[in-house]
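As structure tokens, the structure follows; a few thoughts come after it.
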Amino acid sequence: MIPYLQIIRWKNLVFLALIQWLMQFTVVLPLLQTFGFEIPKNNFLFWLLLLSTLLMTAGGYVINDYFDVKIDRINKPEKVIVGDAISTKSAMLFYQILTATGTIIGLVVAFLAKSFTLGFIFVVTPGLLWFYSTSYKRQFLIGNLTVSLLASLSIFIVAILAVAQQKTAYGALLSETPIPSTIYSWVGGFASFSFLLTWIREIIKDMEDIHGDSEMECRTMPIKWGLSKTKLFLYALISLTIILLLYVVLEHINFEGNFTFRYLLFGLLLPLISLAIIIYQANKKEDFHKASTFSKFIMLIGVLYSLVFYYLLAKKFGISLFGLFIIK
């Protein structure tokens, strides 16, 4: 049982489940409350969406390990599971069960929510995960962008489902309100942040695994450009992330007080600058692993702003916090 939990990266799945839960219950539903909607007691479709996402993501991890056995024996031999703790045949069967089940559940959600967009995403995602594992991840840039896109989509689909459900209930009238754009904007902001941080982390992981990747003739950014130029690209990405965060907070988040700005400064900007310094000083595999772990921590802090958002929204509009009490 333990090898199967390890191969699906259960800790990452818990993190993904937390993000989707936060998007639904501290962003989407509170925003609907500000427009006069009651918090729905039955979030059946959301839970199905979450289950589908977790199953498909787990399948992606399995097939990635399945095709990466040779590289992993060089980069991290102590963590190789496929071929050792789990046979290749069992791993492939496990992948097929996870992916098929996740896809079917996702399509059921899309059908019940009457959302062609969701259906399209659940049809395309397994293919992207397969081609990423077999080819994309070994190519210049495309592998990093594929993972970043899928990470952002796993967040944004919560908004897609929510808007689809409201359209089912209220029809064309919903398009005459700011509800869809408001939900898409806020959840899209978190999804965009996830895209950038995932992109940064994936490049750092490529730097960490450069030895094994070069042995297998991969064409990742560190192999094609070298570590120095790749670091410069990371500095540019980190700078872009900082600029966009400052722009969004200063121009589009208008809560009373400076709580959001302080959260941005101490929770994200200073850690991002620290990440750039860690990358600058990194020379060994262990250094890049430290940077990769730290980037995941920054992503967590960024996503947890949703709790601050919920608090500030509840305070501004006088809505109940988790349906328990009203903040004054």
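Inter-part distance, the range 229-256 to the range 66-83, computed on C-alpha centroids, equals 36 Å. Per residue, the average separation of C-alpha pairs within less than 8 Å and at least 6 apart gives the range 264-323 a relative contact order of 30 percent. Here is the result for the range 167-272: no chymotrypsin sites (Phe, Trp or Tyr not before Pro) lie in DSSP coil with at most 13 other C-beta atoms within 10 angstrom of their C-beta. Computed from point charges on the beta carbon alone (+1 for Lys and Arg, -1 for Asp and Glu), the dipole magnitude for the chain about its Cα centre is near 180 Debye. Computed from Cα atoms, the angle from the helix 142-170 axis to the main principal axis of the chain rounds to 20 degrees. Ranked for footprinting exposure by Cβ neighbours inside 10 Å, fewest first, Thr53, Thr293, Thr182 give Thr293, Thr182, Thr53.
Looking at [x] 0.98; [y] 0.95; [z] 1.02, which value of Rg/Rh (Cα atoms, Kirkwood Rh) comes from a calculation on the structure shown? Only one option fits the structure, namely [x]. Under a model in which nothing but the beta-carbon of Lys, Arg (+1) and Asp, Glu (-1) is charged, the range 1-119 shows a dipole of about 40 debye around its Cα centre. For the range 175-284, GluC sites (Glu not before Pro) meeting the loop criterion (DSSP other than H, G, I, E, B) and having at most 12 other Cβ atoms within 10 Å: Glu217, Glu256.
Figure the gain on full extension for Trp21 and Ala100 (residue separation times 0.36 nm, minus the Cα-Cα span) and round it to one decimal in nm. Provide the component values of the computation, followed by the final result.
Numbers: separation 79, 0.36 × 79 = 28.44 nm, distance 2.32 nm.
My answer for the length gained is 26.1 nm.
Output the 0 to 90 degree angle, nearest 10, between the alpha-carbon long axis of helix 10-22 and the longest principal axis computed from the alpha carbons of the chain. Roughly 20 degrees between the two axes. For the range 1-79, trypsin sites (Lys or Arg not before Pro) meeting the loop criterion (DSSP other than H, G, I, E, B) and having at most 15 other Cβ atoms within 10 Å: Lys41.
How high is the relative contact order of the chain, given as a whole-number percent (alpha carbon pairs under 8 Å, six or more residues apart)? Intermediate results must be reported in sequence, preceding the final value.
Numbers: 355 pairs, mean separation 64.3, N = 328.
Relative contact order comes out at 20 percent.
With respect to the chain, whose longest principal axis is taken over its alpha-carbon atoms, helix 44-67 is tilted by about 10°. What is the local net charge at Tyr61, summed over the other residues whose Cβ is closer than 13 Å to its Cβ (Lys, Arg +1; Asp, Glu -1)? Local charge sum for Tyr61: +1.
All of the numbers you see were taken from the coordinates with simple rules; none came from a lab. These numbers come from a predicted model, not from an experiment. Every residue, glycine as well, gets a Cβ built from its backbone with ideal geometry; the counts of neighbours run over all protein chains shown.
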